[in-house]
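Report on the structure given below.
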Amino acid sequence: MKRILTLLLVPALCLGLSAPALAAEFPDVPATYLFHQAIQDCVEKKILSGYDDGTFRPTEPVTRAQFCVMLVRAFYPGQDQAHAELKPAGWFLPSAAALNAKDIMFYGEKYWKDPSLMSISITRMDMAQFIANVMKEKGYTISDSAKAAAQGRIADYASIDGYYQDAVKTVFALGIITGYGDGTFGPHDTMTRGQGAVIIQRMAQCLSGSPESAVSAPEQPAAPTTLANGKAVTEENVLEIINGLRETYPENFDFSGGYPLGNSSPVRSATHPYPRAEDPKTHTSNLLGCGGWTTLVSDAVFTQNGFPPRKVELTEARPGDVLIMLDKDNRLVHVASILTHPQTDQKGCVSFTVSQASTRQQEIYRIYWDSPYTWTPGGTYHYDVYTRYPA
């Protein structure tokens, strides 16, 4: 998921790439990828770019320094040139200084001039503070009532450090950040390159209107009526997307990197409430392992902004549905993505196939397709199924 001016891990490469390719050309940013359009927009505007190997690496974290450069390129183009003399001390310093001159930089001078401190991955709290400061500098202010309403939508508001609370309420009120699928903000989570592209896009969309109309920006994007590929919600079109995923994530694909956007998915509201069998005090991850893969598949099909999950019977499952394996105590054992219609035999056994991420006695999770599953009446495990097909 993407391409920042090179949001590179190696700062020296930051300004040395050739003209960026379109996002569609990145092998790790297929057209079905959740943030494809946002990434393409940022690449075309030369706000973000990719790596020398042709990849975008959308799941890699964004550092504080990189986000500063992104903001300047997007909203203060060329203003870093007034501070070019600082570049020998740090590739990002001209941009950081430009933000500081606009009273957007909230880190102290000794902090933002220290490459070791600015190379740390940026948290969502810090990201929110930068966004709020940019919007304020552009003339956008939010009323106390709008902030109060935004606060009511943030399930983990109490976990946000006091210094950042006003900024988080502001970005929620503006609709620039909408939170995760379970209503939380995740203040200490880090931002990925793909998410960075979406944030820049939403800021630009907000700034395209007048400051007076900003508060009317929707808290959530409009609910989609089509699948991620723009086609109607049919099983045929769902399978078309899934078959595309087979090519992107072939059998035995290394899935140790997980799906960093999983906590933002509506799928989280379905899988997260179940306690895990191995440790009932914990819950499944929508970022890593089997939960991360199942969430990725669901979002690749139904997008991340619509089609809320609802529970259905196993016999009613369809391709793309979320399968949750449970033990006799109703604790989660495994999560997978259903590929075929379940078939019931004369004994009442229900058989179907899934795609899944599994270790299979290995140290890392890998992707496996067409794995056969059967539910047997009175057996060790039973299954809950959640669909995102409209009712």
Multiplying the sequence separation of Ala84 and Thr380 by 0.36 nm and subtracting their Cα-Cα distance, what value in nm do you get? 99.9 nm
Using alpha-carbon pairs under 8 Å, 6+ residues apart, how would you state the relative contact order of the chain in percent? 13 percent
Would you compute, from DSSP H runs of 4+ residues alone, the mean residue ellipticity of the chain at 222 nm, taking -39500 (n - 2.57) per run and dividing by the full residue count, rounded to the nearest 500? -8500 deg cm²/dmol
The convex hull of the Cα atoms of region 297-349, divided by residue count, gives a volume in Å³ per residue of 97 Å³
Compute the semi-axes of the equivalent ellipsoid of the chain, taking the square root of 5 times each eigenvalue of the Cα gyration tensor, and list them largest first in whole Å. 40, 23, 19
Spin-label zone in region 336-359 - amide nitrogen under 20 Å from a point set 7 Å from the Cα of Ser371 along the C-beta vector: 336-343, 350-359
Residue order for Lys110, Lys231, Lys136 - accessible surface, 1.4 angstrom probe, largest first: Lys110, Lys136, Lys231
If you build a Gaussian network model of the chain, linking Cα atoms that sit under 10 Å apart, which residue out of Ile242, Ile324, Ile120 swings the most? Ile120
Filter the chain for me: DSSP H helices, axial length by Cα at least 15 angstrom, mean Kyte-Doolittle hydropathy not below -0.5. List them by residue number. 64-75, 124-137, 193-207, 235-248, 289-302
For the chain, set up a Gaussian network in which alpha carbons nearer than 10 Å are linked by springs, and say which option among Ser269, Ser49, Ser337 fluctuates the most. Ser269
Taking square-rooted eigenvalues a ≥ b ≥ c of the alpha carbon gyration tensor, is region 278-391 rounded, prolate or oblate, where a/c under 1.5 means rounded and, failing that, a/b exceeding b/c means prolate? rounded
Using Cα springs under 10 Å in a Gaussian network model of the chain, which residue among Gly139, Gly378, Gly179 shows the largest mean-square fluctuation? Gly378
Round to the nearest 0.05 the FRET efficiency obtained for Ala101 and Gln361 when R0 = 56 Å and r is the Cβ-Cβ distance. 0.45
Reachable lysines from Lys169, Cα under 21 Å, same-chain residues fewer than 8 places away excluded? Lys136, Lys138, Lys147
Roll a 1.4 Å probe over the protein heavy atoms and report the accessible area of His334 in Å², nearest 10. 30 Å²
Between region 315-354 and region 159-194, the alpha-carbon center distance in angstrom: 35 Å
As a test question: what accessible area, to the nearest 10 Å², does Val233 have when a 1.4 Å probe is rolled over all protein chains in place? 40 Å²
Per the charge dipole of the chain (beta-carbon charges, Lys/Arg positive, Asp/Glu negative, Cα centre), the residue among Phe26, Pro61, Tyr383 reaching farthest to the positive end is Pro61
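The values are calculated or read from the model by the stated rules, or taken from the named source; none is laboratory data. Every value quoted in this text rests on a predicted model; they were computed, and no experiment measured them. Glycine also receives a Cβ, built like all others from the backbone with ideal geometry; neighbour counts cover every protein chain displayed. These accessible areas exclude ligands, DNA and RNA; they are computed on the full protein's heavy atoms, side chains included. Shrake-Rupley method; radii C 1.70, N 1.55, O 1.52, S 1.80 Å.
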